[in-house]
Amino acid sequence: MEYRSLSFWLDSVPGDLTPAPALAGDTDVDVVIVGGGFTGLWTAYYLATASPELRIAVCEQEIAGFGASGRNGGWCSALFPASLAKLTRLAGRESAIAMYRAMQHCVDEVGRVAAAEGIDCHFDKGGTISLIRSATQLQRARAEVAQAREFGFGEEDICVLTASEAAERVAATNVLGATYTPHCAAIHPARLVRGLAEAVRRRGVALFERTPVTEITPGAVRTPLGTVRARYVVRATEGYTPQLPGLHHAVIPVYSMMIATEPLPEQTWEQIGLAGRPTFGDHRHLTIYGQRTRDGRFAFGGRGAPYHAGSAIRPDFDRDQRVFAALRRTLTELFPVIGDVGISHTWGGPLGIPRDWCASVGLDRATGVGWAGGYVGDGVATTNLAGRTLADLILGADSELTRLPWVNHRSPRWEPEPLRWLGVNAGLHAMTWADRTEARTGRRSRVADVTGRFLGG
């Protein structure tokens, strides 16, 4: 497989992408981790750092960073898929606040480790600007900030910018204002994940690439190349989880798509802004996300690709020309000054969505099986929190992390097909329709509210 073709990030990462040696027969370790993305590598990193004597193995079907870790938007943000209100209902107000504060700390922790390990992942903590481009988006933005204030998060955490204040940071069209949070860094995700792979190898972790796992059981991970036996088994497979036996309904793989432009001239960036590389999006229902890369491109993505029946994952699903064209139109609408700049890369991949849109991490001490995932596309920083939490759980530490409300949370299972396919794709179309209706009428769409409640978001 040509791994560089998977995304702009993997195409531009320095170094060799030749897979490391695969598993060569049965072996025994203390901890085996399934999945060589951010979750698995952060878990291995913190375990190996805290207890260098542990024997740790990571089994990855392709190469480290093959999945979402090497294809995402490069937002290392404090976003968490479950709202403060939802977490309060699950675990109480103080636990909800602690969860969000922990996420804020994650952004700096990722930057700290990258610097300490010499990983040049283009980490620039410029925050996030979420543009407000309609009266209905303004209502949603004000409600978001008002909820943050109710939970004690101040202007230093999130604020509303006026139209002129927003324009000083980014010159997009039809902007009425924006919300801004400093708790986000733009990164080159493939540089980070590949750098983490090297960091764990230096700490003695065995990383077996091209080693597909066919079954996870208490005390063992089975592959066509041999069985890895361990006291602790960690599942870190995110959107690929439904491919494992018994986990078909745990999360659904939903595809997100991205485009990258050719580098823009500096004079064009002077007109656009985004100095300091804040990430950007807006307050529409159907998510868009973008960044200015270190080499002067737009890396821009969004939802809109369909969910495929039976939680199917195939390489041809990574390319959806209809969505790529829509992303190009949206980017040009936001920034007409880019004109007909060329698109150098198009790509996509699956992310994992649990039924209640609440990420989770946990460990069953009786079986020794741990897990983390369900990030709903907000995983770059959340995986760091997952790795630190799993390390504490495995080592038996009673810490602030192990008391957070997502620990040992169990999401409901997704409905069987065809209900799953019908519901998810109907929701996708409803969000698209809601954005168009709001843009045309200027009135808030109740369809989006109902759909959001149905999907658990």
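Loosely packed, with under 15 Cβ neighbours inside 10 Å, within 24 Å of residue 217 (Cα to Cα) and not charged (D, E, K, R): does that describe residue 374?
Spelling it out, it is not the case that residue 374 is loosely packed, with under 15 Cβ neighbours inside 10 Å, within 24 Å of residue 217 (Cα to Cα) and not charged (D, E, K, R).
Among the residues of the range 164-182 satisfying the criterion of being assigned to a strand (DSSP E or B) and of a type outside the set (Phe, Trp, Tyr), which is surrounded by the fewest Cβ atoms within 10 Å (Cβ to Cβ)?
Of the residues in the range 164-182, the ones assigned to a strand (DSSP E or B) are 170, 177-181.
Still in the list and also of a type outside the set (Phe, Trp, Tyr): 170, 177-179, 181.
Numbers: 170: 20, 177: 22, 178: 29, 179: 25, 181: 22.
Taking the candidates together, the pick is 170.
From the list 260, 250, which one is touching a residue at least 24 places away in the same chain (Cβ under 8 Å), out of contact with any strand residue (DSSP E or B) (no Cβ under 7 Å at 6 or more places or on another chain), buried (at least 16 other Cβ atoms within 10 Å of the Cβ) and among the small types (Gly, Ala, Ser)?
Numbers: 260 fails: out of contact with any strand residue (DSSP E or B) (no Cβ under 7 Å at 6 or more places or on another chain).
Sole residue among the options that is touching a residue at least 24 places away in the same chain (Cβ under 8 Å), out of contact with any strand residue (DSSP E or B) (no Cβ under 7 Å at 6 or more places or on another chain), buried (at least 16 other Cβ atoms within 10 Å of the Cβ) and among the small types (Gly, Ala, Ser): 250.
For the range 64-92, name all the residues that are surrounded by fewer than 24 Cβ atoms within 10 Å (Cβ to Cβ) and touching a Gly at 6+ places or on another chain (Cβ under 8 Å).
If the condition is that a residue be surrounded by fewer than 24 Cβ atoms within 10 Å (Cβ to Cβ) and touching a Gly at 6+ places or on another chain (Cβ under 8 Å), then 81 is the only one that fits.
Filtering the range 295-307 down to residues that are in a loop (DSSP other than H, G, I, E, B), touching a strand residue (DSSP E or B) at 6+ places or on another chain (Cβ under 8 Å) and at pLDDT 95 or above, which residue is farthest from residue 427 (Cα to Cα)?
297
So how many residues does the range 187-207 have that are farther than 13 Å from residue 114 by Cα and out of contact with any helix residue (DSSP H, G or I) (no Cβ under 7 Å at 6 or more places or on another chain)?
Residues meeting the conditions: 3.
Among residues belonging to the range 313-347 that are small (Gly, Ala, Ser) and touching a residue at least 24 places away in the same chain (Cβ under 8 Å), point out the one that is nearest to residue 187 (Cα to Cα).
It comes out as 344.
Of everything in the range 61-97, what is over 30 Å from residue 13 (Cα atoms) and outside any helix (DSSP H, G or I)? Give them in sequence order.
The answer is 82, 83, 92.
Taking the range 183-208, which residues are assigned to a loop (DSSP other than H, G, I, E, B), within 22 Å of the chain's Cα centre (by Cα) and under 21 Å from residue 55 (Cβ atoms)?
Looking only at the range 183-208, we keep the residues that are assigned to a loop (DSSP other than H, G, I, E, B), and these are 183, 187-188, 203-205.
Narrowing further to those that are within 22 Å of the chain's Cα centre (by Cα): 183, 187-188.
Of everything in the range 183-208, nothing turns out to be assigned to a loop (DSSP other than H, G, I, E, B), within 22 Å of the chain's Cα centre (by Cα) and under 21 Å from residue 55 (Cβ atoms).
Given the structure, is residue 24 within 25 Å of residue 244 (Cα to Cα) and in contact with a strand residue (DSSP E or B) (Cβ under 6 Å, 6 or more places away or on another chain)?
No.
The values are calculated or read from the model by the stated rules, or taken from the named source; none is laboratory data. Quick caveat, the model's predicted, so the values are computed rather than measured. Heads up, the Cβs are rebuilt from the backbone with ideal geometry, glycines too, and the neighbour counts pull from every protein chain shown.
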